[in-house]
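Undergrad: Before I ask anything, let me first share the structure, which is written out below as structure tokens.
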Amino acid sequence: MTEKKLTPKQERFVAEYLIDLNATQATIRAGYSARNADKIGSQLLGKTRVAEAISHAKKARIERIEIDADWVLKRLTRDATADLAELYDASGQLKPVHDWPVAWRTGLVAGIETVQERNGEDEDGNTVWATVRKVKLLDRTKMVELIGRHVAVGAFKDQLEVTATVVGLAERMRAQKGK
């Protein structure tokens, strides 16, 4: 018996789905009808062969890019403990970017704003200006959380555990019938 393969459109859907994990948009980009994309996307995700192809592609991507739960947690720990003082020298001046620790150079700083602020007057009554550099930080936790969710490492998966006993359920049903 030969194994059934995906159609070319289904293969394209799988590739497109991996971009943003949005079934509706992946359906449209794969060439299906935009009018029914939400329904078609849901149906495609429900097909065993498509779901298996997505799962296989996600695993291959995780191996290829080497991002797993350990990576996410290490990165989260590194970024959460990065010390802002590492960006400044002993006199309080902002160091050149190439002297910053890697955690700050790889995504924790959104930008640096340089402004001139009035800092009083000199002896002759002339305005004295000070240069102030404001470091704008990114939301460290959110960035890593999004990476963790996108590659499906399960580092931020909400869990719900339900425990029930069949015996207890059967006894309650019998008791309700007797009333």
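Undergrad: I need the phi-derived Karplus couplings for the stretch 71-80: 6.51 cos²θ - 1.76 cosθ + 1.60, θ = phi - 60°, integer Hz, Gly and Pro marked x.
TA: 4, 4, 5, 5, 5, 4, 5, 4, 6, 5
Undergrad: Still on this structure, please answer the following. Label points 7 Å out from Cα along the Cβ direction at Ala85 and Arg105: separation in nm?
TA: Rounded to a tenth, the inter-label distance reads 2.2 nm.
Undergrad: Right, next: When the chain is fully extended, how far beyond the present Cα-Cα distance does Ala60 get from Ser42, taking 0.36 nm per residue of separation? Could the numbers behind the result be given before it?
TA: Working: separation 18, 0.36 × 18 = 6.48 nm, distance 2.29 nm.
In short, 4.2 nm is gained.
Undergrad: Averaged over every viewing direction, what's the projected area of the C-alpha convex hull for the stretch 8-74? Give it in nm², one decimal, please.
TA: 4.7
Undergrad: Also, quick follow-up: So who's got an amide H within less than 5 Å of the one on Ala30, skipping anything under 5 residues away but keeping other chains? H placed 1.01 Å off N, in plane.
TA: Amide H neighbours of Ala30, under 5 Å, 5+ apart: none.
Undergrad: Shifting gears a bit: Using DSSP to call loops (not H, G, I, E or B), can you name the GluC sites (Glu not before Pro) in the stretch 70-134 whose Cβ has at most 16 other Cβ atoms within 10 angstrom?
TA: Working: sites: Glu86, Glu113, Glu117, Glu121, Glu123; in loops: Glu123.
Of the GluC sites (Glu not before Pro), the ones in loops of the stretch 70-134 whose Cβ has at most 16 other Cβ atoms within 10 Å are Glu123.
Undergrad: Right, here's the next one. Can you tell me the convex hull volume per residue for the stretch 73-142, based on C-alpha atoms, in Å³ to the nearest whole number?
TA: On the way: hull volume 6.9 nm³, N = 70.
Hull volume over Cα atoms, normalised by residue count, gives 98 Å³.
Undergrad: Then there is this: Near the amide H of Val109, under 5 Å away, which other amide H atoms are found, from residues 5 or more places off or on another chain, if H is placed in the peptide plane?
TA: For Val109, whose amide H was placed from the backbone, the distant partners under 5 Å are Leu138.
Quick note: the coordinates plus some simple rules give every number you see, no bench work behind them. Keep in mind that what you see is a predicted model, and the values were worked out from it rather than measured. All Cβ positions, even for glycine, are placed from backbone atoms using ideal geometry, and neighbour counts span all protein chains on display.
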